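Here the structure comes first, spelled out in structure tokens, and everything after it is commentary.
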Amino acid sequence: MKAIGKNFIIAFLMILAIYQTAELWFEDFSSHNFFSFTDKTSSVEAGTEVSHTLERVIINLGENKMLCRGNGIYDTSFKESSDELVTRVIRRGKVVSSGLANWKQILQNRCFVYEYRCNLTGEDAEAIFGIENSNTQEIKSYDTVVLAVDGDNVRLRFINSQSLWCLEIFDDESRVADSLTELLNRFSNVNNDIYYISSVQNGFEIFKGNIFIPRWDGQSVSYTPLTPHKQYADEDKTDLESEVNLFFNNPAGKWSTTTDDIINFSDETTVVKYYPEGVLEYSNYSSGSQSDVNDFYTNYIAAQAVLDMDQGIENEFYLRDYTFEGNEYVMRFGYKVNDFPVFMSDELKKLSGMSDYIEITSSYGRVSHYKRYCVEYEQETEKSLSASVDFLSAVDDVYNEFKDDEEPMVDSLSLAYVDTGGESSSLWWLMDIDGSVYVRQLGGEGS
């Protein structure tokens with residue numbers, strides 16, 4: 001009997017050892033499956049911070065000269081502090097007006113201007129700033145948030161730049177105003193070669209609403225171009241294999257085939273394709289658990305978890321657009337480098353079959369489709385380009401395409417890097433007029 005007992009214990013310990021060894025062997029793979037967030041969690045944990053939504057922050061220091069911060073703003077103390085002040089004003093402030101935005105009056109005071117690329121709602125604001133009360137319920141569609149100091153008071157505005165709808169919340173607590181003043185003072189001695197002015201403050205009537213216009217002193221300004229590096233393009237697919245493994249719970253169990261130069265990786269529920277044009281596409285066909293809620297916050301957090309854990313993304317990304325149709329959120333993300341956005345040219349969009357760099361489809365907090373144009377942009381620090389075409393010259397050149405009796409209004413104007421598919425990407429003027437985007441070179445030569 002003792003021998004039988006000993007044998008049973010030995011057999012049990014052997015089975016346990018084999019199980020633990022298998023866990024250790026596969027742990028490195030399973031812990032890196034960045035879709036496990038949506039597959040294994042039935043609901044999104046409340047309070048998870050929403051990031052990567054802002055395109056840029058304009059810092060109005062007065063005297064009609066403004067700074068712009070696009071990159072790294074979520075890693076800065078000033079953004080965290082200004083967000084806390086926004087939350088404080090929403091919580092304790094009072095709604096004092098709802099109507100049309102008066103940009104000339106708004107920009108008389110020093111302020112932070114948050115600019116988003118897409119329209120958001122009051123529910124989205126609750127998710128972004130982590131607060132819900134009667135004030136957020138009055139917020140309609142907005143794409144701009146202005147946090148301004150007005151003497152001993154603070155005024156917070158949610159603005160729709162297209163319709164000019166504006167909700168103003170007032171807070172008369174001097175400590176909040178003092179904190180905001182201190183934040184703004186941190187930028188008082190900062191000088192950028194490219195700064196910004198307000199179209200409304202300067203009386204430029206060719207623009208709809210208010211546009212923050214890039215300017216520089218002198219005839220030209222130097223800036224750094226970008227070099228696009230297409231990922232996984234060489235014959236060695238080791239890096240691609242490492243990237244693809246992130247999509248599978250058990251990478252060792254996947255199989256691969258190649259058809260018409262399209263590399264396919266699959267298991268029972270997951271398909272990952274890599275196209276020769278440089279596009280990586282993931283599709284999830286499993287019936288994994290999902291949230292009971294299907295709002296922006298739930299799905300954005302699921303998308304954010306995917307993006308944060310995708311080791312192939314090298315440049316900073318942000319939300320550029322999203323749609324909701326048929327119970328599915330489709331979110332599109334773009335890149336920004338050197339405080340400027342990066343866009344695909346029309347030719348590159350056609351080649352890649354994508355309208356932007358990253359596209360994510362999610363419903364009820366579960367990502368079912370993920371698509372990314374695999375490219376990395378590197379600043380050419382040893383090379384500089386000289387920009388000599390100012391915004392007035394660029395607008396005049398566009399106006400030459402219209403008839404003499406036509407005087408179109410410019411909806412938006414910006415400087416952005418444009419990837420035309422060449423070896424280098426430079427800054428271009430982008431103008432939106434009646435839904436059509438006009439692109440003009442910034443001019444100058446390289447050095």
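The values are calculated or read from the model by the stated rules, or taken from the named source; none is laboratory data. Being a predicted model, the structure only gives us computed values, none of them experimental. A quick note on method: Cβ atoms are made from the backbone with ideal geometry, for glycine too, and the neighbour counts reach across all protein chains shown. Heads up: the accessible areas ignore ligands, DNA and RNA and are worked out on the full protein's heavy atoms, side chains in. Shrake-Rupley method; radii C 1.70, N 1.55, O 1.52, S 1.80 Å.
Key figures
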read-out: Two-site label geometry, residue 351 and residue 315: point separation in nm, points 7 Å out along Cα→Cβ; value: 1.4 nm
read-out: Cross-link reach list, lysines versus residue 104, counting only Cα pairs under 19 Å and skipping chain neighbours closer than eight places; value: 65, 208
read-out: Region 164-205 versus region 383-427: alpha-carbon centroid distance in Å; value: 27 Å
read-out: Cα long-axis angle, helix 174-185 against the chain (0 to 90 degrees, to the nearest 10); value: 90 degrees
read-out: Surface share of carbon and sulfur [accessible, 1.4 angstrom probe, percent] for region 195-324; value: 43 percent
read-out: Label-point separation in nm, residue 164 to residue 118, each point 7 Å along Cα→Cβ; value: 2.7 nm
read-out: Cβ-placed point charges (K, R +1; D, E -1), dipole of the chain about Cα centre in debye, nearest 20; value: 1220 debye
read-out: Listed residues 216, 422, 93: farthest to the positive end of the dipole of the chain (Cβ charges); value: 93
read-out: Sequence-separation-based contact order of region 322-390, relative, with Cα cut under 8 Å and 6+ spacing, percent; value: 25 percent
read-out: Vicinal HN-Hα couplings computed from phi for region 98-108 (Karplus, 6.51 cos²θ - 1.76 cosθ + 1.60; Hz; Gly/Pro x); value: 8, x, 8, 6, 10, 4, 4, 6, 4, 7, 5
read-out: Note, ³J(HN,Hα) from phi for region 328-338, Karplus 6.51, -1.76, 1.60, rounded to Hz, x at Gly and Pro; value: 10, 8, 10, 10, 10, 10, x, 9, 9, 9, 6
read-out: Computed over the chain: relative contact order in percent, which uses C-alpha pairs under 8 Å that are six or more apart; value: 17 percent
read-out: GNM flexibility winner over the chain from 269, 420, 259 (Cα, springs under 10 Å); value: 259
read-out: Inter-label distance for residue 191 and residue 95, nm, one decimal - labels placed 7 Å from Cα along Cα-to-Cβ; value: 4.5 nm
read-out: Theoretical FRET efficiency, 1/(1+(r/R0)^6), r = Cβ-Cβ of residue 403 and residue 224, R0 30 Å, to 0.05; value: 0.15
read-out: ³J(HN,Hα) computed for each position of region 234-244 - Karplus, 6.51 cos²θ - 1.76 cosθ + 1.60, integer Hz, glycine/proline x; value: 7, 5, 6, 9, 4, 5, 5, 4, 5, 5, 5
read-out: Longest to shortest principal axis, alpha-carbon extents of the chain, angstrom; value: 97, 53, 43
read-out: Hits among aspartates and glutamates - C-alpha to C-alpha of residue 94 under 18 Å, sequence gap 8 or more where chains match; value: 83, 84, 126, 132, 138, 150, 152, 168, 171, 172, 173
read-out: Under 28 Å from the Cα of residue 350 - lysines, other chains or at least 8 residues apart; value: 230, 237, 273, 336, 371
read-out: Neighbour net charge for residue 155 - beta-carbon separation under 14 angstrom, K R +1, D E -1; value: -1
read-out: Additional length obtainable on full extension of the chain from residue 250 to residue 131, 0.36 nm per residue less Cα span; value: 38.9 nm
